[in-house]
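The values are calculated or read from the model by the stated rules, or taken from the named source; none is laboratory data. The structure displayed is predicted, hence computed values, not measured ones. Cβ atoms come from the backbone with ideal geometry, glycine included; neighbour counts cover every protein chain shown. Please note that ligands, DNA and RNA were not included when accessible areas were found on the heavy atoms of the full protein model with its side chains. Shrake-Rupley method; radii C 1.70, N 1.55, O 1.52, S 1.80 Å.
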Amino acid sequence: MAWPNIFRRGTLFSRFSHHHVVVFLLTFFSYSLLHASRKTFSNVKVSISKQWTPSAFNKSIRLPVEIWSSNHLFPSAEEATLFLGTLDTIFLFSYAVGLFISGIVGDRLNLRWVLSFGMCSSALVVYVFGTVTEWLHFYNKGFYCCLWIVNGLLQSTGWPCVVAVMGNWFGKAGRGVVFGLWSACASVGNILGACLASSVLQYGYEYAFLVTAAVQFAGGIVIFFGLLVSPEEIGLPGIEAEEHFEEDSHRPLINGADNEDEYEPNYSIQEGSAVTQVKAISFYQACCLPGVIPYLVSLIQDNLGWMWVFYFFILMTSCTILFISPLIVRETCYLMQRRQAHVLSE
């Protein structure tokens with residue numbers, strides 16, 4: 001079986017410098033850390049529910065009035081679970097709106113600034129949500145909802161920025177291989193979040209939030225000082241210039257008389273290295289461009305539209321498993337215990 005030309009003799013990886021490797025790793029782990037903080041919240045839901053409803057899990061002793069008043073946020077574990085699900089819904093809605101806003105902001109500001117700001121600010125919000133409120137014994141539903149709305153907006157800065165940076169560094173050649181490897185960042189982030197949360201959960205769920213927030217904040221600092229948004233920042237040719245140069249390299253040295261008018265007589269490779277600053281346009285202006293709306297309609301009618309539908313259900317299923325899997329495990333263990341107790345009592 002013959003390999004494609006792009007894999008022969010290291011053709012794909014020989015064109016990448018160490019700058020490409022650094023950008024790949026920084027964007028990979030930046031988005032992994034954002035996913036780690038989401039996974040931490042889902043892993044500590046059982047502990048949070050116990051803390052918010054002490055009577056539901058501690059009926060053997062009478063709690064002092066001070067402890068009961070400070071921790072009595074919900075009268076039952078079912079209401080606490082329902083509120084945690086409400087927080088997940090609020091987060092996803094704010095995250096969806098934030099993706100649209102972050103894309104617009106990323107086109108107008110430096111992607112490195114936007115990404116590092118989102119990571120550091122999200123880390124601070126997670127720290128306040130899970131650690132500060134527990135240390136101060138401050139429990140308020142409205143405050144939790146406001147924090148999680150802000151967290152969803154800040155977390156949405158990750159995906160548009162890292163995808164834009166990766167697109168600036170990696171061209172069409174080998175993009176499927178590169179992005180195939182890079183797309184594992186979400187799964188790595190979920191594993192990292194589970195490991196961080198489980199390592200300190202025995203000391204209290206607030207320390208799980210503390211460790212995750214500290215690691216994410218440190219990652220935001222590294223992104224701010226180490227990420228290169230595009231090759232032009234260090235004098236390397238951009239993706240468009242490289243692709244244009246590759247097309248020129250395939251031109252024949254001697255052209256026929258019919259093709260003489262197709263090329264400029266004063267053509268120079270150096271002209272393609274000039275970097276032009278492209279000004280971002282609004283969403284309304286993009287829709288007003290000729291052919292944009294018919295093209296979108298054709299995509300929806302074509303097979304690509306079904307691909308969007310499939311991706312919607314795949315993402316919905318993965319998010320559902322991500323957020324409610326710890327609760328499912330808890331309910332399963334509870335039912336198994338009740339069944340064993342019923343068998344032993346017979």
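So which residues in region 156-189 are of a type outside the set (A, V, I, L, M, F, W, C) and open to solvent by less than 40 Å² (accessible area, probe 1.4 Å)?
Ser156, Thr157, Gly158, Pro160, Gly167, Gly171, Gly174, Gly189
Listed here are the residues, each with its yes/no results for (1) open to solvent by less than 60 Å² (accessible area, probe 1.4 Å); (2) in contact with a Lys or Arg (Cβ under 8 Å, 6 or more places away or on another chain); (3) of a type outside the set (Val, Ile, Thr); (4) at pLDDT below 90.
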site	(1), (2), (3), (4)
Ser60	no, no, yes, yes
Pro64	no, no, yes, yes
Ser70	yes, no, yes, yes
Glu78	no, no, yes, yes
Leu84	yes, yes, yes, yes
Phe100	no, no, yes, yes
Filter result (assigned to a helix (DSSP H, G or I) and touching a Ser or Thr at 6+ places or on another chain (Cβ under 7 Å)) within region 134-153: Ile149, Asn151, Gly152, Leu153
What number of residues in region 106-156 are among the hydrophobic types (A, V, I, L, M, F, W, C) and within 21 Å of Val23 (Cα to Cα)? 8
